[in-house]
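This report concerns only the one structure given below.
None of the figures in this text is laboratory data; all of them are computed from the coordinates on show. For clarity, every value in this text was computed on a predicted model and none was experimentally measured. Cβ placement follows ideal geometry from the backbone for every residue including glycine, while neighbour counts extend to all protein chains displayed.
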Amino acid sequence: MEKSRNVQRKKIRKKGGPNLRFKFGVIISIFIFSFATCFLIYMVNANVNDNFLNEEFGATSLSIDDNDKPTVSNEDEIGEEESTPDISTAGISNPVPQSTTMDSSYYASSCLITDGTLEGMNGIGFDENTVYGGKNFKLSTVMTEKQNSSFGTISPYEIVKQKKPVSLYLMFGSELETINTEQLIEEYTKLVNSFKSAVPEMKIYVMQYPPVLYDTDTLSNEKVNDYNSRLITMCNNTGVYCIDTNTALKSESGKLNEAYWSYETLTLSTEGYNKVSEYILTHVVQ
């Protein structure tokens, strides 16, 4: 009797075990099959129906109709071009070519700011009310170093701001012996841009540095020529004028014409200053 019950229990176990495993496997298979089927249907609808996302989720389409695209009118394009003019095409031709000779009265509406190079121009074309600066002035101090003037004791920069001349002439380069050329050009560029901002209607003429009579360890004509070449580039980049006073003072050998040098003052001679004045009057932008 007991043997019969054990056999019956074993039979029950054999019947129950396979049924549970079969049902669990079927459930997993159905789940995977259902998921795969739904995903396949979703992907087919999404690719076939362009409005599928809108219909299902109310999503906003990112496509833009050609009629809705912003347009740029010709006037906008022209205005955009004019807002950034190319200064190299703004009527600047450097160095300034020879022009008709101006009368000496031209100097009355002009100013010269210089270091010691053209300090002696006072009384030659320019007068004491139109020549500012001097040997104590540097490119970096023109805006801060003060001097006596009819406007009071103020810097040459402030004098020009108040005087508002028609033409401003600049001559700097005596620091070439002690300061790196690139640094000088940077200082010159800052000064020119400051004057342009202060008196926009004023014509600015940068004068090329004179040649030297003989080369030294600290200053040679090769260095001067390189500096003058950079001055032309600076003038083109800033939109101001450059006049070639260097060539006006050269001899055939490429050095300073000895007639334009004073061994007594160790500066340009009176003949040299007169030559510069003559060159200014024959190279004016009308």
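Using the count of nearby Cβ atoms within 10 Å as a rough guide to exposure, how do 232, 159 rank from fewest to most?
232, 159
Rank the residues 202, 171 as a footprinting-exposure proxy: fewest other Cβ atoms within 10 Å of their Cβ go first.
Ordered from fewest to most neighbouring Cβ atoms within 10 Å, 202, 171 come out as 202, 171.
With a cut-off of 8 Å between alpha carbons and a minimum separation of six or more residues, what is the relative contact order of the range 95-281 in percent?
Here the relative contact order equals 21 percent.
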